[in-house]
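Quick notes on the structure that follows.
The values are calculated or read from the model by the stated rules, or taken from the named source; none is laboratory data. In this text, all values refer to a predicted model and were calculated from it rather than measured experimentally. Cβ sites come from the backbone with ideal geometry, for glycine too, and all protein chains shown count toward neighbours. To get the accessible areas, we keep the full protein, side chains included, count just its heavy atoms, and leave off ligands, DNA and RNA. Shrake-Rupley method; radii C 1.70, N 1.55, O 1.52, S 1.80 Å.
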Amino acid sequence: MPASRRLIINAQGILSNPNIALAAAKAGTLAQLAHGPTTRIDQRALADARRSGLGAINVTLGYVAGPSDARTQTLSDLRDWDAFISNHPAHLIKVLSAQDIETASSNERIGIIYGFQNTAMLGDDASNVANFARMGVRVMQLTYNGRNQVADGCMVAEDGGLRAFGSEVIAQMNAQRVLIDLSHSSDRTCADVLHQSNANVAITHTGCRALSNTPRNTSDATLRLLAQSGGVAGIYCMPFLRERGQPRVQDLTRHLEHAINVCGEDHVGLGTDGGICAIDDLPTYLHYLAEAAAERKQSGVGAAGENDAVTLFLPDLCGPTQFSNLADLLQARGHASSRIDKILGKNSLRLTLAVARRLRARLSLARFGEGYSP
């Protein structure tokens, strides 16, 4: 089955066109570019996303790290995304339920799933989970790389896991049918949450630590526990797929296949943590990547394994053909079409159904293939 006919869900990704910033940097006008989560999503970015066959994508909005006020930034980003989707009805749909993913895919539009990569914006009040859920947030990652009021991230040396307040947040996320995302979390945080949560959990963008021993990747023990609890691990296209050197598509397939062997094919998906548009000027990109990596390291939000000489995408799997090329490669490696369907989208859809079952009508999977039920 061609990838264009498959349901494709990127469990964590980017829509913006990186060439906008690169062109401005070369012209010396980078400081003049408008800031905001949607300011670099142009017609090329939208066209490339549609060409790729993308049905839905979990985009990061709100506070992640840095000196800005977490709540103020998050509320601003929510307003920005709401306006942007409203202004592009022919291209985008705000995803509040699994039914919205079906609607987007059926109409060749892209479902936008609102997701956090931190919970700092909750402050010390767990009821804010409900407030943000009412605004459309469907995924909340507990921590970034460091420590917050909820839990410890993967770069914390003395891993304390989930806080008492974090347990309150987990209960609220379960009650509000918000998907818990354990990406960037510490080992103990993952174990604590997987034992406490009453709903399915995701690790939307990660790799396998057994293949590349870096903190951003996930251990086999955690992957097994995730699968046993009904969750899904999205494998990314990031530098952490290898301990040294530039990862390529064969590294992605190694991690996908290892995760399938550990978790089973029903618990592995794709969360590229990258964009759709290809980079037009790689030397300029690498120059500014080095600056960004140095800034992240200095500010203390970087992760072990970040390398200013390694691209944040796979050079041989990028641009709007990335999903179809991956499907073809997996098929050539002997993976059944049904398994490829699960990796590219059906497993993430099943997880969405399991977590948000009370929202709107249930989604029939018949149009995406037989023999698969939530």
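Worth a mention:
- Among residues of segment 312-323 that are in contact (Cβ under 8 Å) with a residue 40 or more places away in the chain and more than 23 Å from His287 (Cβ to Cβ), those with a Cβ under 6 angstrom from a residue that is part of a loop (DSSP other than H, G, I, E, B) and open to solvent by less than 10 Å² (accessible area, probe 1.4 Å), sequence gap 6+ or separate chain, pair up as Pro320/Ser52; Pro320/Ile276; Phe323/Ser52.
- Verdict on Gly13 being at positive phi, modelled with pLDDT of 95 or more and surrounded by 14 or more Cβ atoms within 10 Å (Cβ to Cβ): no
- Complete set of residues in segment 173-185 that are part of a strand (DSSP E or B) and open to solvent by 20 Å² or more (accessible area, probe 1.4 Å): Leu179
- Residue that is modelled with the lowest pLDDT, among those in segment 277-291 that are assigned to a helix (DSSP H, G or I) and either surrounded by 14 or more Cβ atoms within 10 Å (Cβ to Cβ) or touching a Leu at 6+ places or on another chain (Cβ under 6 Å) (or both): Leu289
- For Pro18, the criteria (1) open to solvent by less than 40 Å² (accessible area, probe 1.4 Å); (2) under 15 Å from Gly274 (Cα atoms) hold in every case but one, which is (1).
- Scanning segment 37-46 for residues that are open to solvent by less than 40 Å² (accessible area, probe 1.4 Å) and part of a helix (DSSP H, G or I) turns up Ala45, Leu46.
- Residue pairs meeting the criteria (Cβ under 7 Å; at least 6 apart or on separate chains; first over 16 Å from Thr218 (Cβ atoms), in segment 238-264; second among the charged types (D, E, K, R)): Arg248/Asp316; Val249/Asp316; Thr253/Arg333
- Qualifying residue in segment 46-55 (condition: within 14 Å of Met135 (Cβ to Cβ) and not charged (D, E, K, R)): no
- Index of the failed condition, Leu78 passing every other in (1) over 30 Å from Leu317 (Cβ atoms); (2) touching a Gly at 6+ places or on another chain (Cβ under 6 Å): (2)
- Out of Ala34, Ala49, one residue alone is out of contact with any Gly (no Cβ under 8 Å at 6 or more places or on another chain), under 30 Å from Asp280 (Cβ atoms) and buried (at least 22 other Cβ atoms within 10 Å of the Cβ). It is Ala49.
- Condition broken by Cys237, with the remaining ones in (1) in a loop (DSSP other than H, G, I, E, B); (2) surrounded by fewer than 24 Cβ atoms within 10 Å (Cβ to Cβ) satisfied: (2)
- Selection within segment 212-234 - assigned to a helix (DSSP H, G or I) and open to solvent by 20 Å² or more (accessible area, probe 1.4 Å): Asp220, Ala221, Arg224, Leu225, Gln228
- Test for Gly55: is it in contact with a Ser or Thr (Cβ under 6 Å, 6 or more places away or on another chain), open to solvent by less than 40 Å² (accessible area, probe 1.4 Å) and at negative phi: yes
- Pairs are defined by a Cβ separation below 9 Å, a sequence spacing of at least 6 or placement on different chains, a first member in segment 9-24 that is over 20 Å from Leu54 (Cα atoms), and a second member that is part of a helix (DSSP H, G or I) and polar (S, T, N, Q); the pairs so defined are Leu22/Thr284; Ala23/Thr284; Ala24/Gln32.
- Scope segment 311-331; condition open to solvent by less than 10 Å² (accessible area, probe 1.4 Å) and either touching a Gly at 6+ places or on another chain (Cβ under 7 Å) or part of a strand (DSSP E or B) (or both); matching residues: Leu314, Phe323
- Restricting segment 304-344 to residues that are among the β-branched types (Val, Ile, Thr), at pLDDT 95 or above and under 23 Å from Ile203 (Cα atoms), the residue that is farthest from the chain's Cα centre (by Cα): Ile340
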